[in-house]
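To start, the structure under review is shown below, and the notes come after it.
The values are calculated or read from the model by the stated rules, or taken from the named source; none is laboratory data. These numbers come from a predicted model, not from an experiment. Neighbour counts are summed over all protein chains in view; Cβ atoms, including those assigned to glycine, are modelled from backbone coordinates with ideal geometry.
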Amino acid sequence: MSNRRGFISGIVGGLAAAVLLAGCAGAGAPKDQNGNPMEPLTITTASGEHKFMVEIADDEAERQRGLMEREPLAADRGMLFEFPDVRERSFWMHNTPSPLDIIYIDPHGVIISIAKNAPPNSDALIPSNGAAMGVLELRAGRADEIGAKAGDKVRHPFFAE
């Protein structure tokens, strides 16, 4: 009987340690302002692969709020807006104090168009000029810095390969 208890205690203790280690492994991952984990995203351009960590806006409330009233993004950060359908999109910069590059992306991760250096706090609509399923916002100037252009590829699990 005591061997069985020792065996069971060992299993329970091992499982508890594994759970603690798994929790610690994710502890260092970057988080967005709401404590949600950020996700890796890569843009491939003529100059190579450019890696970003992005916040995800995948429900209506998050998409409406976006980067309003936020500090400027770091060079390796962004926000990916995920939509359930593919259609012409328009974004604005209402209550967004920092200029942004707005990248419209089709369902396969191909960049449709880029609105560079969108002016802060503007209510002017910025069209996608094509059907988009995702929209990526980066700090203004990043698209030029990495050489991004229409036709380049964005890799993230949201987009079909």
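Taking the options Arg4, Arg70, name whichever one is in the same structural domain as Glu145 (by TED's automatic domain parsing), among the basic types (Lys, Arg) and modelled with pLDDT under 95.
Numbers: Arg4 fails: in the same structural domain as Glu145 (by TED's automatic domain parsing).
One residue alone meets the criteria, Arg70.
As a summary of the residue check, Pro72 satisfies the conditions (1) surrounded by 18 or more Cβ atoms within 10 Å (Cβ to Cβ); (2) under 16 Å from the mean Cα position of the chain (by Cα); (3) touching a residue at least 40 places away in the same chain (Cβ under 8 Å) except for the one numbered (1).
Number of residues in the range 131-161 that are among the aliphatic types (A, V, I, L, M), part of a strand (DSSP E or B) and over 13 Å from the mean Cα position of the chain (by Cα): the value is 3.
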